[in-house]
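The values are calculated or read from the model by the stated rules, or taken from the named source; none is laboratory data. Quick caveat, the model's predicted, so the values are computed rather than measured. Every residue, glycine as well, gets a Cβ built from its backbone with ideal geometry; the counts of neighbours run over all protein chains shown.
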Amino acid sequence: MKSLHHLMFCLILLFGAVRVGFSRGDKIIPQVVDGPGWSTKFDLSNISSSPYPDLHSIHVRMAFFTNNGTAWDLQTNKGTRVITLTLAPRQTVRVETLGGANMGAGYAVIYDDEESNSEYSEDFVLGISVFYQYSTSSGVVDTVTVSVPPAS
């Protein structure tokens, strides 16, 4: 009987772990740069292919911090410091810094504000690409991109 209770307990833990396995979590972009000639661009994509956008839209909040961890009033095309976004299935939104007058560096955190979960692993998954661009008065000099791998 004790073995049966032990087995039931392990099965409950296993099924609980499987449910947690679909959680997305927050994402950290470890390097953001902004200043004269420099900008950082983020492409955020909801990779869900659901035909029900209201059920599978992703709600995220993007915040910027300086290297010492204080809030950064970074100007972007979508707002300053903290940006709230809702992405429908297959929608991509670009957030880009505006290249301020002073050189600055820090990091970004993309908070997963989605309260619900899904049976399907592709629902509520955020695809992220980051582009670092250097420009001069004659145009773009160089662009480097980094894809953020999905959480495993």
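One table, with the values for the structure above:
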| read-out | value |
| --- | --- |
| Scope segment 110-133; condition modelled with pLDDT of 75 or more and surrounded by 15 or more Cβ atoms within 10 Å (Cβ to Cβ); matching residues | Ile110, Tyr111, Asp112, Val125, Leu126, Ile128, Ser129, Val130, Phe131, Tyr132, Gln133 |
| Residue check for Ser57: surrounded by 17 or more Cβ atoms within 10 Å (Cβ to Cβ), more than 27 Å from Phe131 (Cα to Cα) and modelled with pLDDT under 90 | no |
